[in-house]
Amino acid sequence: METLYPRNMKKKTLFLSAVIMTFLIYSCKKDKNSEPFAATYPNFSQLKVGNYWIYQQFEIDANGIETPKNTFDSCYVEKDTIINSKTYLKIIKPTPFSTNQMDISFQKDSLHYIVNSLGEILFSHQDFSSIFESIFLTAGPNDTVCQIVKQMADKNLVINIPAGTFTTSNLKETYFMYPNWTSAGNMRYKNTRYAENIGVVVETLPFYSSNPNYTERRLVRYHLN
């Protein structure tokens, strides 16, 4: 049996349907337009193919006296490559004690971190509380040389180097030397200082435990695509 509706009831039903449809369309548009934007972070790595940096070495003695050396080296981004389904950039620079042998690493930006293909954190411009790594260096089964702790430090430190004045943050490695290895100090340090939109501007090279002096490579000039 057909149910009959009064004419005014049909109008109310149609009006209500139109209101519900309009609300749904508006809600869909609002949800679509209110999607959060992808987070963007400052660029401290400049990992682009063709980018390069030229550094000069400086010797720093136990009294903090700095002596420039006539030794220059470079670091450059050769290409990108896929490792475990992720894209990394291939970074090439001389090994610490030889300009004829190359040190190769694969790096990528990951949120506010710079990481390598081994999963190690090389830098963060936000995380100044976490310890990225804590390891022990040994010279034999019963001889621990030191404990090495890596974490961020020196946020927004302004430094002056040959390439100019830069505001930097530092991946700091602290070496807590064990008693048999303290002839040059109980605590030793390695710094890798990054500047926004530039990359690494200062890097402490590996040191000998018996030598209190440090060698730093400091940025002289650079090219960024």
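So which chymotrypsin sites (Phe, Trp or Tyr not before Pro) in region 140-211 end up in coil per DSSP with only 11 or fewer other C-beta atoms within 10 Å?
Passing sites in region 140-211 are Tyr208.
At 7 Å along the Cα-to-beta-carbon direction for both Thr81 and Ser117, put a label point, then send me their distance in nm to one decimal.
0.4 nm
Taking every Cα atom in region 152-199, find the radius of gyration and the maximum pairwise distance Dmax, and write them in Å.
Cα radius of gyration and Dmax of region 152-199 are 14.0, 42 Å respectively.
How big is the C-alpha Rg of region 86-181 next to the rule-of-thumb value 2.2 N^0.38 Å, as a ratio?
1.29
With a/c under 1.5 counting as rounded, go ahead and sort region 126-174 into rounded, prolate or oblate using the C-alpha gyration tensor (a ≥ b ≥ c being the square roots of the eigenvalues; past the cut-off, prolate if a/b is larger than b/c, else oblate).
It comes out oblate by the Cα gyration axes.
Taking the Cα centre of region 88-134 as the origin and placing charges on Cβ (Lys, Arg +1; Asp, Glu -1), which of Thr95, Phe123, Tyr113 is farthest toward the positive end of the dipole?
Thr95
When the Cα atoms of region 66-225 are enclosed in a convex hull and the volume is divided per residue, what value in Å³ results?
With only Cα atoms used, region 66-225 gives 148 Å³ per residue.
Between Thr95 and Thr167, take the C-beta separation as r, use R0 = 30 Å, and let me know the FRET efficiency to the nearest 0.05.
Working from the Cβ atoms, E equals 0.55.
Just to check I understand the Karplus step: with θ = phi - 60° and J = 6.51 cos²θ - 1.76 cosθ + 1.60, what whole-Hz values come out for region 102-108, glycine and proline as x?
Per residue, the Karplus-derived 3J(HN,Hα) values read 9, 9, 10, 9, 10, 10, 8 Hz.
Calculated FRET efficiency, Asp154 and Ser134, Cβ-Cβ r, R0 22 Å, to nearest 0.05?
0.70
A short reminder: the numbers here are calculations on the coordinates, not readings from a lab. As the structure is a prediction and not an experimental result, all values here were calculated from the model. In this analysis, Cβ positions are derived from the backbone assuming ideal geometry, glycine residues included, and neighbour counts consider all displayed protein chains.
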